[in-house]
Amino acid sequence: MTRQLLSRRTLVRRVVGLGLGLPVFGGLLAACSQPAATPTTAPAAAPTTAPAAKPTTAPAAAPTTAPAAKPTTAPAAPTTAPAQAASTRPLTPTFYQWIVDLHPSLPQVNDAFKQTTPLNFQIAPVQGFGIDRFVAEARDKTSTWDVYVGMTPFVEMSALIQADVIEPWDSYIPKDVLNDLIPSIRDECTVNGKLYSWPFLLDIITMGWNTGQSSTAGITAMPTTWDELLADGKQIIDKKAAPYGIVFDAHGWRSLAPIAHSISTKVYTPDLFFDFNSETALQALEIMKNMKALSAPNILTTGTTDAGVNNTPDEDAFAAQQATYFVKYQNAPLRFAATWPDPSKLQLGPLPKAKGGEGATVFWTTGACLFKYGQNKEKAAEYMKSLTFNDGIWKDSISGSATSHPGQIPPYQSYYDKWNKDKPTWWQDWVPLVLDQLKVAKAIPNQKFGLSQFQIGQPMWEKYLKGEEADPKKAMQAAWDAVQAEAKKSA
């Protein structure tokens, strides 16, 4: 019997209809995805002038100085996995649509894998589907699919573990692959010592800017602190180099949390909630308010796709060269600068930091989870290895193709060791800069409210950004109270 896939939009309508009592599900899969719309050309990003950047040599990725906390609030699934019965079907992976859209080498990966293993490759509808389908099937101790490629640890991994939907990869992932993972990424994907996400695509919150506009405004250096960025943004407007100085994504995991990390990564409570009442969070909110004053008037408007989290106004403004500086994950400026007459005007740099601050940022990976009640688990591991070690995938992602420029990089140290020795012809100099940020980046901790705490709190803290609440402490206290109320209901 054919089952109807539940679209993300339908899921969100259901959650909204129920109130915020189901934060685990609301907006989960959309949160970190990239929109399907892509540039037609791949910009060649010029090397940054940032001191940390080493454009000619990819630095070895060291463990982050602030390793992602291994969560204690997300208990691992039962240690006894169901005995795997003989498979009655081909390996059945299902992919989040945007990954398929942005990586044109996927059909080649699948065709090569089919030479030795039957494969039933599936994708979600354009708007995706919610984890409630996965949860419902797991309750019946079954799964239509074997592996899902599209999971982000802080978004839905804890919920899937708690619902007993997925199991660790440890019994199936080759040890050499496990040991090849960059340490901070391996930490992000691990709960209670077990790897629940096989990482694939890496995103880090950084900064991009239009050097044509900054030069017009007489700015010759990259801003390294938030004060410098604000001053440069104002100069852009004063010199009429662009209508707006700075744009940013208003969603908390893409702005409030990374800005807070640049001040201090010690911004989480012992039970891994973002501490909205901390001095660090209050300082980050003030930076956001100052950036908003130099930004497009619609910067807080929700996006037009994926329940409001994608196709956001910051992207439109940067693509149209209406703003010079852009704070977001590294692939956003790469994709949207491709629409410029001269994409080579794009430069990338680290996220600014507060004076005396820690200088960290936020990173996350999009990876794959293994369904506990799926089949073909050994083959699923073979497939993930063939996918994530495919050179064509990384060529498309780094240099771009005729249809897309994903701008994401591998989670494996061996790739950077190889590229240090012999750079491919399609190499781009922004890669080592982004990789270098992993030394200081920290993932948002894995817990049930990892994502939804920002969704719940955003309407409250935005009252301060909009001038509806004069006291930032009251706004952030309201955000904290709203999150804790939902946590209490959920418990």
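Legend: residue pairs 345/421; 175/423; 289/353, Cα-Cα distance threshold 18 Å; pairs beyond threshold, 345/421; 175/423.
Partner aspartates and glutamates whose Cα lies under 14 Å from the Cα of residue 473, excluding those fewer than 8 positions away in the same chain, are identified as 275, 279, 286, 462, 481. Taking a straight line from the alpha carbon of residue 141, these aspartates and glutamates sit under 15 Å away, with near neighbours fewer than eight places off in the same chain left out: 132, 164, 167. Once you reduce region 231-287 and region 413-464 to the center of their Cα atoms, the two points are 16 Å from each other.
When each of the peptides 255-261, 96-102, 171-177 is scored by how many other beta carbons lie within 10 Å of its residues on average, the order from highest to lowest is 255-261, 96-102, 171-177.
Charges were assigned to the Cβ only: +1 to each Lys and Arg, -1 to each Asp and Glu. The resulting dipole of region 236-342 about its Cα centre is roughly 220 debye.
Of the trypsin sites (Lys or Arg not before Pro) found in region 200-285, the ones in coil according to DSSP and having at most 15 other Cβ atoms within 10 Å of their Cβ are 239, 240, 266. Across the cross-link table entries 355/488; 194/439; 194/266, which are compared at the Cα atoms, the separations over 29 Å belong to 355/488. Let a ≥ b ≥ c be the square roots of the eigenvalues of the Cα gyration tensor of region 306-371; is it rounded (a/c under 1.5), or, if not, prolate (a/b larger than b/c) or oblate? It comes out oblate by the Cα gyration axes.
Since every read-out is calculated from the coordinates, none of them should be taken as a lab result. Because the structure is a prediction, the values reported are computed rather than measured. Using ideal geometry, Cβ is built from the backbone for each residue, glycine included, and neighbour counts are taken over all protein chains shown.
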